[in-house]
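Structure first, then comments.
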Amino acid sequence: MTTLTLALSKGRIFDETVPLLEAAGLAPLEDPERSRKLVIGTRNRNVALLIVRASDVPTYVEHGGEGLYQPLDLEIGRCRMVVATRRGFDWTGSVQRGGRVRVATKYVRIAREHFAAKGMHVDLIKLYGSMELAPLTGLADAIVDLVDTGNTLKANKLKAVEDILAVSSRLIVNPASLKLKRAALAPLIEALAKASARGGS
Ligand code: PRP
């Protein structure tokens, strides 16, 4: 029997993924927030979950193959990637003056591409979390971060000054696995697609 492994992270995205997994017959047998186990079984004995850091998911999925196939927008974890500054900061003026601005972010590649497309010179500062602190402490003029409700920006007296892109969670698959395990994977992808369509309607 073909075995399948799904990598996902704990937290917000996991909570939103559980209903999709349940609808696809893959309800987790344990709660990763309570268990220290990193490999968790599901209702389907041929499918297991790996609990990894969100940013490590692509590394695990790509292992043993090359590239990533993205067959499905799960339509969960919806948010926006934005540029934000302190409320009083004159972002438009700084940009117009063409001076170098310092931008802190966890999402260096997206930030680099965004500012390069606008022909802006920015000094990017890589951070791993709590980016909202960077403009408050003077480490950076702006941040590139995810915004959902806007509460975090508000609580830290920041404002969004540019919209970069809309974000949602995607299902990604190792292309070699897709070839070798197509018979087992295709129904799973279809079940998740159906479940996410139901959630969105
Ligand atoms: C994300 C993001 C913001 C916050 C935005 O952080 O980096 O800090 O959520 O959400 P809001 O607009 O609803 O307030 P998350 O809590 O996912 O943790 P992270 O800092 O580890 O990315």
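Which of the strands (runs of 3 or more DSSP E) found entirely inside segment 21-94 contain at least 2 residues meeting this: within 16 Å of the ligand (Cβ to nearest atom) and either surrounded by 15 or more Cβ atoms within 10 Å (Cβ to Cβ) or at negative phi (or both)? Lay out the reasoning, then the answer.
Working: elements: 39-41, 47-51, 69-73, 79-86.
Those strands (runs of 3 or more DSSP E) span 79-86.
Inspect segment 160-177 for any residue being assigned by TED's automatic domain parsing to the domain that holds Trp91, within 17 Å of Trp91 (Cα to Cα), within 13 Å of the ligand (Cβ to nearest atom) and in contact (Cβ under 8 Å) with a residue 24 or more places away in the chain and give the result as yes or no.
Yes, segment 160-177 contains at least one residue that is assigned by TED's automatic domain parsing to the domain that holds Trp91, within 17 Å of Trp91 (Cα to Cα), within 13 Å of the ligand (Cβ to nearest atom) and in contact (Cβ under 8 Å) with a residue 24 or more places away in the chain.
Given the criteria β-branched (Val, Ile, Thr) and away from the ligand (no atom under 16 Å from the Cβ), does Val147 qualify? Lay out the reasoning, then the answer.
Values: β-branched (Val, Ile, Thr): yes; away from the ligand (no atom under 16 Å from the Cβ): no.
Answer is no for this residue.
Kindly check whether there is at least one residue in segment 67-79 that is free of Cβ contacts under 8 Å to residues at least 12 places away in the same chain and small (Gly, Ala, Ser).
Within segment 67-79 (the criterion being free of Cβ contacts under 8 Å to residues at least 12 places away in the same chain and small (Gly, Ala, Ser)), the answer is no, since none of the residues qualifies.
Any idea how many residues of segment 104-134 are within 12 Å of the ligand (Cβ to nearest atom) and touching a residue at least 24 places away in the same chain (Cβ under 8 Å)? Lay out the reasoning, then the answer.
Kept after step one, since they are within 12 Å of the ligand (Cβ to nearest atom), are these residues of segment 104-134: 104-107, 127-134.
Narrowing the set further to residues that are touching a residue at least 24 places away in the same chain (Cβ under 8 Å) leaves 104-107, 131-132, 134.
Final tally of qualifying residues: 7.
For (1) closer than 30 Å to His121 by Cα; (2) loosely packed, with under 12 Cβ neighbours inside 10 Å; (3) modelled with pLDDT of 95 or more, each residue gets a yes or a no:
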| residue | (1), (2), (3) |
| --- | --- |
| Ala140 | yes, no, yes |
| Ile143 | yes, no, yes |
| Asp148 | yes, no, yes |
| Ala176 | no, no, yes |
| Arg198 | no, yes, no |
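Of all residues in segment 49-86, how many are over 21 Å from the mean Cα position of the chain (by Cα) and at pLDDT 95 or above?
So in segment 49-86, the residues over 21 Å from the mean Cα position of the chain (by Cα) come out as 64-65, 85-86.
Still in the list and also at pLDDT 95 or above: 85-86.
The total comes to 2.
The values are calculated or read from the model by the stated rules, or taken from the named source; none is laboratory data. A quick note: this is a predicted structure, and the numbers were derived from the prediction, not measured. Note that we place each Cβ from the backbone using ideal geometry, even for glycine, and neighbour counts take in every protein chain shown.
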